[in-house]
Amino acid sequence: MLLVHGFGASAEHWRHTLPALAPRLRVLAIDLLGFGASDKPDSRLSDEPERPGAVHYCFDLWAEQVLDALRELTPWPPRRPLHLIGNSIGGMVALTAACRLQQQGIPLSQVVLIDCAQRTLDDKRAAERPWWERSGRPLLKALVRQRAVVAPLFRLLAQPAAIRRVLAVAYPSGANVDAELLELLHRPSTSPGASESFRGFVNLFDDHLAPQLLEQLSRRQPTIPVRLLWGGSDPWEDPAEARRWAATFSCIRDLEVLPGLGHCPHDEAPEQVNPILLRWLQTT
């Protein structure tokens with residue numbers, strides 16, 4: 001099983017998941033490029049010229065990293081069941097990797113999406129936004145391209161006090177919001193280049209959307225099972241959208257919505273989430 005963290009997090013964000021799953025199977029967790037202890041190279045936006053050492057941060061890049069990690073760290077092609085779990089943007093990375101594996105004919109037992117990013121700011125969803133957001137969109141996109149704007153904004157958002165405020169929203173129950181969590185989120189932000197990966201991420205205005213990838217997984221055979229786990233009080237990723245996905249795409253086999261939990265239920269309430277993950281492992 002490979003665990004893929006969300007934005008601003010790292011492999012350490014699975015601190016309560018790894019010990020619960022490790023007795024059942026081999027569990028791996030990685031730091032996506034630009035996060036955690038991974039390198040944080042300069043960002044190159046899609047319309048900027050290539051230059052040595054700069055990368056275009058995107059879901060295809062991170063999915064390729066996931067596949068590279070699997071090929072390097074496990075027997076390849078896999079001879080045992082292979083599972084991908086992703087939280088937030090990690091869910092998008094897991095879905096992108098799953099589509100690539102499906103195209104290559106590599107068997108995948110399941111993909112578990114925990115509060116998968118719905119990417120409401122993507123250009124392809126602009127028509128869904130209020131008129132005043134659409135009218136200000138060109139200015140927003142012009143500003144977040146500028147390093148002179150992004151760097152001080154990142155320094156402001158990466159302060160421990162700002163991280164605590166975000167956690168108060170992301171973890172509505174307040175459970176497990178402790179010094180360890182604050183440290184694992186804050187420490188990578190002090191690494192050289194951290195503002196560059198932030199710049200790359202906030203400029204992802206035209207990348208994959210989950211419904212497109214779920215449609216691809218549903219259409220091709222054999223179908224890779226997808227299971228959804230959601231915090232019922234997620235402030236950013238509406239569980240109603242997850243229910244629409246479950247009603248629309250045949251690849252989705254299960255949906256569990258946990259009342260009162262937020263964007264990271266695996267860390268907020270592992271005592272509820274880990275038994276579900278173990279049950280889904282037994283199902284496959």
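The values are calculated or read from the model by the stated rules, or taken from the named source; none is laboratory data. From a predicted model like this one, the values you see are computed outputs, not experimental measurements. With ideal geometry, Cβ positions are generated from the backbone for all residues, glycine too; neighbour counts draw on all protein chains shown. Keep in mind that these areas ignore ligands, DNA and RNA; they rest on the heavy atoms of the full protein, side chains included. Shrake-Rupley method; radii C 1.70, N 1.55, O 1.52, S 1.80 Å.
Just a few scattered comments:
- A residue that is assigned to a loop (DSSP other than H, G, I, E, B), open to solvent by less than 10 Å² (accessible area, probe 1.4 Å) and either out of contact with any strand residue (DSSP E or B) (no Cβ under 8 Å at 6 or more places or on another chain) or among the acidic types (Asp, Glu) (or both) occurs nowhere in the range 58-81.
Table: residues versus (1) farther than 22 Å from residue 260 by Cα; (2) in contact with a helix residue (DSSP H, G or I) (Cβ under 9 Å, 6 or more places away or on another chain).
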position: 160; (1), (2): yes, yes
position: 173; (1), (2): no, yes
position: 178; (1), (2): no, no
position: 184; (1), (2): yes, yes
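Residue-wise test of (1) under 25 Å from residue 214 (Cβ atoms); (2) in a helix (DSSP H, G or I).
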residue	(1), (2)
102	yes, yes
108	yes, no
117	yes, no
141	no, yes
164	no, yes
173	no, no
176	no, no
183	no, yes
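- Contact map, the range 129-156: residues that are among the polar types (S, T, N, Q) paired with residues that are outside any helix (DSSP H, G or I), Cβ distance under 6 Å, separation 6+ or inter-chain. No pairs are found.
- Residue satisfying condition, being crowded, with 21+ Cβ neighbours inside 10 Å and in a strand (DSSP E or B), within set 32, 3: 3
- Residues of the range 12-27 that are buried (at least 17 other Cβ atoms within 10 Å of the Cβ) and in contact with a Ser or Thr (Cβ under 9 Å, 6 or more places away or on another chain): 27 alone.
- For the range 250-275, a residue qualifies if it is open to solvent by 20 Å² or more (accessible area, probe 1.4 Å), in a loop (DSSP other than H, G, I, E, B) and on the phi < 0 side of the Ramachandran plot, and the qualifying residues are 250, 259.
- Residues of the range 36-57 that turn out to be in contact (Cβ under 8 Å) with a residue 60 or more places away in the chain, open to solvent by 20 Å² or more (accessible area, probe 1.4 Å) and among the polar types (S, T, N, Q), as a count: 1
- Filter pass, residue 88 being farther than 16 Å from residue 281 by Cβ, out of contact with any helix residue (DSSP H, G or I) (no Cβ under 9 Å at 6 or more places or on another chain) and modelled with pLDDT of 95 or more: yes
- For the range 14-30, filtered to residues that are touching a residue at least 40 places away in the same chain (Cβ under 8 Å) and in contact with an Asp or Glu (Cβ under 9 Å, 6 or more places away or on another chain), the residue that is farthest from residue 181 (Cα to Cα) is 17.
- Taken over the range 193-230, the residue count meeting the criterion of being open to solvent by less than 10 Å² (accessible area, probe 1.4 Å) and among the basic types (Lys, Arg) is 1.
- Residue identified as open to solvent by 80 Å² or more (accessible area, probe 1.4 Å) and in contact with a helix residue (DSSP H, G or I) (Cβ under 8 Å, 6 or more places away or on another chain) among 156, 121, 139: 156
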